[in-house]
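Below is one structure; the comments refer to it alone.
The values are calculated or read from the model by the stated rules, or taken from the named source; none is laboratory data. A quick note: this is a predicted structure, and the numbers were derived from the prediction, not measured. A quick note on method: Cβ atoms are made from the backbone with ideal geometry, for glycine too, and the neighbour counts reach across all protein chains shown. With ligands, DNA and RNA removed, areas are computed over all heavy atoms of the protein, side chains included. Shrake-Rupley method; radii C 1.70, N 1.55, O 1.52, S 1.80 Å.
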Number of protein chains: 2
Amino acid sequence: MARRYDPERRQRIIDAAIRVVGRKGIAGLSHRSAAAEADVPLGSTTYHFATLDDLLVAALRQAEDGFAKVIAARGGLTDPRSDLATELAAWMREWLAGDRTGVELEYELYLAALRRPALRPVAAEWADDVAALLSRRTDRLTARALVALMDGICLQVLLTGAPYDEDYAREVLARVIPPGPSPRPWSPPPGPPRSDA
Amino acid sequence: MARRYDPERRQRIIDAAIRVVGRKGIAGLSHRSAAAEADVPLGSTTYHFATLDDLLVAALRQAEDGFAKVIAARGGLTDPRSDLATELAAWMREWLAGDRTGVELEYELYLAALRRPALRPVAAEWADDVAALLSRRTDRLTARALVALMDGICLQVLLTGAPYDEDYAREVLARVIPPGPSPRPWSPPPGPPRSDA
DNA sequence: GAGCGTTGTGTACGGCCGTACATATCGGTG
DNA sequence: CACCGATATGTACGGCCGTACACAACGCTC
């Protein structure tokens, strides 16, 4: 149904918005700044995204997709023979290494859900997706706890400027994981597909 | 011109800024909105706080002080006979109960350090203070991990809108705490007082 | 009480913002 | 082709913003 002159116009605006947020933060995102970054007129951004929340939702969704692809490309934490805590601690090191901009961008969009109810379903999806990924290596409760703990560790690094301590992360992640080679693995039951619209 | 020297002028502006952030978020805070809330002229806010970061630093510091006082008034987690995980899980329930505004306000100011380096020392102080509080019941590494885990759990509740699950929180907090009645307690060594200016 | 630095106040300027809206262009339909 | 709805654009309005700055009121020192 949707016939567009420029089918990539909307996508270009989202990409531009992500770049703007990465460079200037959410506070620096506006219909105008996104339009300038995407090299489209102002009316184009206001047409495709009536409110800034709409644009942020699209940006968060896209950042989430990119994140999932990076995880998948990295092997997806699927090798049951590796130590999960070690693997997660190393992954956080890579994630936090060097340039802050990538992590900063993703956490800023994620944390924006605190004050923007429109973002909460997308943030919940993100957390659920990561937990589901980890659920292939441990039980659901543990997976949720690992996500929470990793979030907390990353945030302490990002918020306080403290260096990332991989040994510490591995140690406490290991404490959360119940002992045993592959305890209580869990597979999602069949159900209706999640609405992604 | 009805002009009196008001030594509490600065304090009133900080209080007003906190109310504004609580009601409209950091995005709604400006020299003007703080001035209106405090019922002082615009020039008064710009005089005492040249930049918004200055005002946010003062607000975060004050929120931190208020938080510490609430903890202290609650007994300060000092009873070594109680179960620490149970106590922390119950405390989070109280904190998250009912009105989101209080927690939202504190987390919003705290998380603002992600993009505002000026806030990072204050955020670091906050995290250190809470960890120091917990260090009276457990070792330092565990205390840091508990802070990270509690942050992660609270954020998942606040960001996704999911209900708080106290049993889950208690279970995973207990996993982080090493077994034993009062393992590896830790007291801070004497040293120079931390600069609070 | 004269002088001066600190504190407090009013006002104005230029800039960026969301929003609205008239207009233009194209794809599909009848 | 005529038509219409979806897509795209330019422009303008009113509002809030940070900032600057001249000036007023006060505390202090001499």
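For this structure, a couple of remarks:
- Contact map, the stretch A:19-35: first residue assigned by TED's automatic domain parsing to the domain that holds A:THR46, second residue within 15 Å of DNA strand D (Cβ to nearest atom) and assigned to a loop (DSSP other than H, G, I, E, B), Cβ cut-off under 9 Å, separation 6 or more or different chains; pairs are A:VAL20/A:SER30; A:GLY25/B:ARG116; A:HIS31/A:PHE49; A:ALA34/A:VAL40; A:ALA34/A:PHE49; A:ALA35/A:PRO41.
- Residue list for the stretch B:128-142, restricted to those being surrounded by fewer than 22 Cβ atoms within 10 Å (Cβ to Cβ) and in a helix (DSSP H, G or I): B:ASP128, B:ASP129, B:VAL130, B:ALA131, B:ALA132, B:LEU133, B:ARG140, B:LEU141
- Pick from the stretch A:154-166, criterion within 7 Å of chain B (Cβ to nearest Cβ) and open to solvent by less than 10 Å² (accessible area, probe 1.4 Å), ranking: nearest to the chain's Cα centre (by Cα): A:LEU155
- Note on the stretch B:1-96: enclosed helices (runs of 4 or more DSSP H) holding 1 or more residues that are within 14 Å of another protein chain (Cβ to nearest Cβ) and more than 12 Å from DNA strand C (Cβ to nearest atom) are B:9-24, B:52-73, B:84-96.
- Among the residues of the stretch A:11-29, those that are open to solvent by 40 Å² or more (accessible area, probe 1.4 Å) and within 16 Å of DNA strand D (Cβ to nearest atom) comprise A:GLN11, A:ARG12, A:ASP15, A:LYS24, A:ALA27.
- Residue count, the stretch B:101-111 (criterion: more than 9 Å from chain A (Cβ to nearest Cβ) and either open to solvent by 10 Å² or more (accessible area, probe 1.4 Å) or in contact (Cβ under 8 Å) with a residue 60 or more places away in the chain (or both)): 5
- Looking only at the stretch B:48-69, and only at residues there that are in contact (Cβ under 8 Å) with a residue 60 or more places away in the chain and among the hydrophobic types (A, V, I, L, M, F, W, C), the one that is farthest from DNA strand D (Cβ to nearest atom): B:ALA68
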